[in-house]
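> Pasting a structure here, questions to come.
The values are calculated or read from the model by the stated rules, or taken from the named source; none is laboratory data. Predicted model, so just to flag it, every value in this text is computed and none were measured. Cβ placement follows ideal geometry from the backbone for every residue including glycine, while neighbour counts extend to all protein chains displayed.
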Amino acid sequence: MNTVLNFEAEIQTGIPNELPPQKAFDANVNHAPIRKKILTSEEEKLALRNALRYFDKKHHAELLPEFKEELAEYGRIYMYRLRPDYEMYARPIDAYPGKSLEAKAIMLMIQNNLDPAVAQHPHELITYGGNGGVFQNWAQYLLTMQYLSEMTDDQTLAMYSGHPMGLFPSHQNAPRVVVTNGMVIPNYSKPDDWEKFNALGVSQYGQMTAGSFMYIGPQGIVHGTTITVLNAFRKINKSPEGGLFVTAGLGGMSGAQPKAGNIAGCITVCAEVNTKATKTRHEQGWVDEIINNPDELAERVKLAKANKEVVSIAYDGNIIDVWEKFDAEQIHIDLGSDQTSLHNPWAGGYYPAGYSYEESNKMMSSEPEKFKEIVQQSLRRHADAINLHTQKGTYFFDYGNAFLLEASRAGAKVFKNQKGNLVNSKELQNPNAEFAYSSYVQDIMGPMCFDYGFGPFRWVCASGNPEDLAKTDAIATQVLEELKKEAPAEIQQQMADNIKWIKGAKANKLVVGSQARILYADAIGRMKIAEAFNKAIANAEIGPVILGRDHHDVSGTDSP
C-alpha cells in the first residue's frame, strides 16, 4: 500500500480500534506552557471521564493512568498518543478522501492550522495567541477528519469547542460545518472559569481563525499590519524611510509585524522572549536579523537610522529592555505598539521582565498568584517606559491585544487627567475615562479602511500549486485596477495601496503553509474577484479556491 493510501486510510479510520503506542515528548517542538492546577479532585475525575468518553471501554484501563499523568503534568489532557504519524500540512485537495469537495477543503484548512510551520504549539493543537485552539485533544481531531471524509453535500457536521456532535441531514446550500467555540460570557465569568472548563475538556477558545479553521499563517494579518504602519506614518506626516517602529511578539499573528515593517519601508524592532519562535520567523524570512544584546541593538538601530535602511530586527529578549534602552540612548521611536497576547496574561500571553522564558513558564503553573503579581509589575514598568517616549513625540497605539486594558488593571499610568498628566485609574477616579492612547481601529484602520467597507478577503488555492496562486494574484490585480478607474476619490488611496500590495505579494514571499493570500477589499471588490475566480475555475485555468475572512472584517473590533 502506498503512502497516499495509508494517509487516506488513517483519515477514514478515525480513532483506531487498537491503540497506537505512546509517543515520546518531542522537546524540539514549541510546546504550550504548563497550565496551572485549577481543578478539585472531584473535577479531575470528571475531566478524566470526559476524556475517556471518546474510547471503547476496553481501552479505559490503559488510558486512564496516562490521561491522569497528562492532566497532572500539563494541566490539560491532549492525548498525545493519538497524534498522527503522518506529516501535518495542507495537502492538495485531491489527496483527501471523501464524497464532498467542501468537506475536503475543510480538512485541508484544519491540517494547515496544525502545520508545525504555521501553528504556535502544534502538539497541543494551538494555532496562535497562546490558547487559540483548533481542537482540545487529538481524539477530536481524528473524529472530525473521519466525519469529514464520510459526509455528503446533503449533511452538516455540528461542532462545539472542537467536539464533533455528529453529522446531521441538511441540504447542498447549507454549511458543511457549523462551529461554535467558547460559550463563556465575559461579563458573567472570570478567566479562571474558562481555564476550568478548558481543563475539564468542555470549552476551548477558538480565537478568530484557529477554531474556525481559517488561519493562513502570519500572512493573515500582514496586510492589515502593513496598512496600519503605512497609515500611522501618514498620520504623523512622516515618510517610513528611516522611521523606527518598535513593538513586541513574534509567536503567532504577531509574527507579521517585521515583514509588514519591511513592506511599509521602515526600521522595525520586534521583541520576543521565546527563542524558538524568533528562530522560526527568521528561518521563514519574516524577520531579517536577530540580536540578543541591548547595547548591540542600540548601535544597530542607530546605524540603520543613519543609513535610512529598510530592515527588521528581532530582539531576543523582553520588550521592556528595548523601550528603556532606547530612552537611555536617546533613540527616537516614531511608532510604538505591542502584540503580545494580553487577552491571556496569566497563561503565556505576556512574560515579565527580569525572568527567563523557562522561569516564567514554571512560575505560571507552580506559583500563579506570584506570577500574576510580577506580570502586573512589568506592565506598570512597560507603560512607564512607553510614556517616556510618547512625551518625546512617539506615536503609540494599542493593537487590540488588551495591552491598555491589562495595564490599567495593573495600575499603570495609561490615562490623562484634566491637566494632561499621565495617571493611573485610582488617581483619575473616573471609571468611564478613555485611555491616553488610541487603538489602531479607533485611530487608523477604522477611519481609513473599515468605515469604507474594506476588510480582509482571503483565499487558498486548494490545488497547492504556487502557479495557481500567481494566477489568482493576477486576476485580483486586474479586477482592482478596473474598479479603481470608477472608484470615488475618498477611496483612491485605499485602492492604490491594495493594488500595490497584491502586485508585490509574490516578491514579498508571504506564504507559510497553504498557498494562501490575503487582500483588503470592499464588498464590490470581493464579489468581482470571486466571480473572476469562478470563471477561471470553469475554464480549467486554476483549481478550486477556498474563500474566507477574519475578524478584521468591517464588523471587527479591537478585542472581539
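> Looking at the range 69-91, which of its residues are more than 16 Å from Pro20 (Cβ to Cβ), in a loop (DSSP other than H, G, I, E, B) and aliphatic (A, V, I, L, M)?
Ile77, Ala90
> From Arg35, Arg53, Arg81, which residue is closer than 30 Å to Gly348 by Cβ and buried (at least 18 other Cβ atoms within 10 Å of the Cβ)?
Values: Arg53 fails: buried (at least 18 other Cβ atoms within 10 Å of the Cβ); Arg81 fails: buried (at least 18 other Cβ atoms within 10 Å of the Cβ).
Just a single option satisfies the conditions, and that option is Arg35.
> Checking the conditions here, which among Glu70, Glu87, Glu124 is free of Cβ contacts under 8 Å to residues at least 12 places away in the same chain and closer than 30 Å to Gln284 by Cα?
Numbers: Glu70 fails: closer than 30 Å to Gln284 by Cα; Glu124 fails: free of Cβ contacts under 8 Å to residues at least 12 places away in the same chain.
That would be Glu87, the only listed residue that is free of Cβ contacts under 8 Å to residues at least 12 places away in the same chain and closer than 30 Å to Gln284 by Cα.
> Every residue in the range 225-262 that is in contact (Cβ under 8 Å) with a residue 24 or more places away in the chain, surrounded by fewer than 24 Cβ atoms within 10 Å (Cβ to Cβ) and outside any loop (DSSP other than H, G, I, E, B), please.
Hits for the range 225-262 are Leu230, Asn231, Phe233, Lys235, Leu244, Asn262.
> Got a sec? Which of Glu358, Glu369 is over 24 Å from the mean Cα position of the chain (by Cα), in a helix (DSSP H, G or I) and free of Cβ contacts under 8 Å to residues at least 60 places away in the same chain?
Working: Glu358 fails: over 24 Å from the mean Cα position of the chain (by Cα).
The conditions single out Glu369.
> If you don't mind, another one. Determine the pairs where a residue that is on the phi > 0 side of the Ramachandran plot, located within the range 408-435, has a partner that is assigned to a loop (DSSP other than H, G, I, E, B) and modelled with pLDDT of 90 or more with Cβ atoms under 8 Å apart, the partner being 6 or more residues away or on another chain.
Gly411/Asn424
> List every residue pair whose Cβ atoms sit under 6 Å apart, with the two residues 6 or more apart in sequence or on different chains, where the first one lies in the range 534-560 and is surrounded by fewer than 19 Cβ atoms within 10 Å (Cβ to Cβ) and the second, anywhere, is part of a helix (DSSP H, G or I) and at pLDDT below 95.
From residues that are surrounded by fewer than 19 Cβ atoms within 10 Å (Cβ to Cβ), the pairs are Val554/Phe450; Asp558/Val441.
> Given (1) more than 30 Å from Leu108 (Cα to Cα); (2) in contact with a strand residue (DSSP E or B) (Cβ under 8 Å, 6 or more places away or on another chain), identify the lone condition not met by Ala32.
Here Ala32 meets the rest and fails (1).
> Residue under question is Ala474, and the condition is that it be assigned to a helix (DSSP H, G or I) and either free of Cβ contacts under 8 Å to residues at least 12 places away in the same chain or in contact with a His (Cβ under 6 Å, 6 or more places away or on another chain) (or both); does it hold?
Here the answer is yes, as Ala474 does meet what is asked.
> Assess whether Ala496 counts as being in contact (Cβ under 8 Å) with a residue 12 or more places away in the chain, over 22 Å from Leu108 (Cα atoms), surrounded by fewer than 17 Cβ atoms within 10 Å (Cβ to Cβ) and in contact with a Gly (Cβ under 6 Å, 6 or more places away or on another chain). Give the derivation first.
Numbers: in contact (Cβ under 8 Å) with a residue 12 or more places away in the chain: yes; over 22 Å from Leu108 (Cα atoms): yes; surrounded by fewer than 17 Cβ atoms within 10 Å (Cβ to Cβ): yes; in contact with a Gly (Cβ under 6 Å, 6 or more places away or on another chain): no.
Considered against the rule, which asks whether it is in contact (Cβ under 8 Å) with a residue 12 or more places away in the chain, over 22 Å from Leu108 (Cα atoms), surrounded by fewer than 17 Cβ atoms within 10 Å (Cβ to Cβ) and in contact with a Gly (Cβ under 6 Å, 6 or more places away or on another chain), Ala496 comes out as no.
> Which residues, taken from the range 195-213, are buried (at least 21 other Cβ atoms within 10 Å of the Cβ) and outside any loop (DSSP other than H, G, I, E, B)?
Within the range 195-213, Glu195, Asn198, Ala199, Leu200 qualify.
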